[in-house]
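Chemist: Below: one structure in structure tokens.
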Amino acid sequence: MDRRHFLFATTAATATAAGIGSATAANLPGDALNPAGIQTAGIRMLPVANGKYKVWTKRLGQGPLKVLLLHGGPGFSHEYLEAMESFLPQAGIEMYYYDQLGCNNSDQPDDLSLWTLERYLEEVEAVRVGLGLDHFVLYGHSWGGILGIEYALKYQQHLRGLVISNMAAGIQAYLKHATAWKKQLGPKSFATLQALEAKEDFDSPEYERIMMEELYPQMICRTHPWPEPVSRAFRHMNEKIYVQMQGKSEFLVTGNLKNWERWDRLHEIKVKTLTIGSRYDEMDPKDMQKMATLMPNATAAYCPNGSHLCMWDDQAVYFRQLLQFLREV
């Protein structure tokens, strides 16, 4: 037996022993972006922006209830949501990560015109179509919550449920609460931060130090050290997208999201919805509770020990409430 035939026979025997038959492989669909008949660990590349670019998706678990996860940022990736895979698949829930265009595993074109809410909204719909999802749950965290609200307002007919985690229904409410966090700094750090913001010196090492050492450990993620997926997501952040849409600072929205407000349209979202807030978040948890009262089929969850990433720093409470909603949706 020559080497080629030996390798083929060995691979086939291993696959058979593992319960992976040729019929299974043959049934895996292929297209211009994905090979046919190949197991890819649930990963599928999908065309977006009229087919000009592709985004990365990954399925974990199997079940009749399907959840598509929208990560925050703008400009971060799915990585900080990896806590989900310790809970959802085990509950019989089929979950899908996806890195939005410009983020991590997806294409990263250098084109500022792409970084708009309107284009990202149509991207979510393209991903839904590409994955073949319908009557599914859309989960959005932070900036992903903005996308989730926008999607529900335009494409509600495809939704079985909606989760808005750690996002207010308008930028002004977010800024009001985030600004309150700055005032909790010590007098020296607060004065330094104010002075640097007045000069718009957001790239100052001292500005970054105050954010990363004094503010973020209180309002973004309160675990110490940070979970590795959180640190990894920060390393992989696409700053160009963040600056274009948010701005140079967490506390000053100067990007194209600065006028986003949807409080007066929440009543149009009639699908079952869960809002999630937490005590130490940069978003006011009272805003998440208020949002639930403005939607006809919404409930609010609260994490008393959590911050913006309460799926990590108040994990048991977070997932107990999320899974209860998903079981009942």
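The values are calculated or read from the model by the stated rules, or taken from the named source; none is laboratory data. Here the structure is a predicted model, which is why all the values come from computation and not from measurement. Quick reminder, even Gly has a Cβ in these numbers, built from the backbone with ideal geometry, and neighbours come from all protein chains shown. We work out accessible area using only protein heavy atoms, side chains counted, and drop any ligands, DNA or RNA first. Shrake-Rupley method; radii C 1.70, N 1.55, O 1.52, S 1.80 Å.
Chemist: Given N residues in the chain, what is Rg(Cα) / (2.2 N^0.38 Å)?
Modeler: Details: Rg = 21.3 Å, N = 329, 2.2 N^0.38 = 19.9 Å.
Dividing the Cα radius of gyration by 2.2 N^0.38 Å gives 1.07.
Chemist: Using 7 Å Cα-to-Cβ label points, what is the LEU252/HIS224 separation (nm, one decimal)?
Modeler: About 3.0 nm, to one decimal.
Chemist: Moving to a separate point now. Give the long-range amide H neighbours of LYS248: residues separated by 5 or more places, or on another chain, with amide H under 5 Å away, using H modelled in the peptide plane at 1.01 Å from N.
Modeler: THR254
Chemist: Which value does Rg/Rh take for the stretch 99-254 over its C-alpha atoms, Rh per Kirkwood?
Modeler: Numbers: Rg = 17.4 Å, Rh = 17.5 Å.
Using Cα coordinates only, the ratio equals 1.00.
Chemist: Of LEU138, ILE149, PHE234, which is farthest towards the positive pole of the chain's charge dipole, taken about the Cα centre with +1 and -1 on the beta-carbons of Lys, Arg and Asp, Glu respectively?
Modeler: The listed residue farthest towards the positive side: LEU138.
Chemist: Based on a Kirkwood Rh over C-alpha pairs, give the Stokes-Einstein translational diffusion coefficient of the stretch 113-189 at 37 °C and viscosity 0.692 mPa s in µm²/s.
Modeler: D, rounded to a whole number, is 232 µm²/s.
Chemist: Right, next: Counting only heavy atoms of the protein chains, get the accessible area per residue of the chain (1.4 Å probe) and round it to a whole Å² value. Kindly include the intermediate steps, with their values, before the conclusion.
Modeler: On the way: 15180 Å² over 329 residues.
The answer is 46 Å² per residue.
Chemist: Here's another thing I want to ask about it. Apply 1/(1 + (r/R0)^6) to the Cβ-Cβ distance of ARG279 and ALA32, taking R0 = 41 Å, and write down the FRET efficiency to the nearest 0.05.
Modeler: Working: r = 48 Å, r/R0 = 1.17.
The pair ARG279/ALA32 has a calculated efficiency of 0.30.
Chemist: Mind giving me the nanometre distance, one decimal, between the label points for MET237 and ILE43, set 7 Å out from Cα along Cα→Cβ?
Modeler: The two pseudo-label positions are separated by 2.5 nm.
Chemist: Subtract the Cα-Cα distance of THR179 and THR293 from 0.36 nm times their separation in residues, and report this length gain in nm to one decimal.
Modeler: Numbers: separation 114, 0.36 × 114 = 41.04 nm, distance 2.48 nm.
Here the segment from THR179 to THR293 would lengthen by 38.6 nm.
Chemist: Spit out the partnerless Cys residues in the chain, using Cβ distances under 4.7 Å as the pairing rule.
Modeler: CYS103, CYS221
Chemist: While we're here: For the stretch 202-218, just list the computed ³J(HN,Hα) in residue order, Karplus coefficients 6.51, -1.76 and 1.60, θ = phi - 60°, integers in Hz, with x standing in for Gly and Pro.
Modeler: Ordered by residue, 3J(HN,Hα) equals 6, 8, 4, x, 5, 4, 5, 4, 4, 5, 6, 9, 10, 9, 4, x, 9 Hz.
Chemist: Starting from the Kirkwood Rh over alpha-carbon pairs, what translational D in µm² s⁻¹ does the stretch 169-325 have by Stokes-Einstein at 4 °C and 1.567 mPa s? Let's see the in-between values first.
Modeler: On the way: Rh = 16.9 Å.
Roughly 77 µm²/s, to the nearest whole number.
Chemist: In whole angstrom, how far apart do the alpha carbon centroids of the stretch 184-255 and the stretch 271-329 sit?
Modeler: Value for the Cα centre distance between the two parts: 24 Å.
Chemist: Once the Cβ-Cβ distance between ALA91 and ARG119 is put in as r, and R0 is 35 Å, what FRET efficiency do you end up with, to the nearest 0.05?
Modeler: Working: r = 33 Å, r/R0 = 0.95.
Efficiency, rounded to the nearest 0.05: 0.55.
Chemist: Turning to a different aspect of this structure: Please list 3J(HN,Hα) in residue order for the stretch 317-326, calculated via the Karplus relation 6.51 cos²θ - 1.76 cosθ + 1.60 where θ = phi - 60°; whole Hz, with x for glycine and proline.
Modeler: Result, rounded to whole Hz: 5, 4, 6, 4, 6, 5, 5, 4, 4, 5.
Chemist: Assuming R0 = 22 Å, what is the FRET efficiency of GLN156 and GLN324, from their Cβ-Cβ distance, to the nearest 0.05? Write down the numbers at each step before the final one.
Modeler: On the way: r = 23 Å, r/R0 = 1.03.
The calculated FRET efficiency here is 0.45.
Chemist: Pop out the carbon and sulfur fraction of the accessible area of the chain as a percent, whole number, probe 1.4 Å. Show your work: numbers first, answer last.
Modeler: Working: 8090 of 15180 Å².
Taking all protein chains in place, the chain shows 53 percent carbon and sulfur surface.
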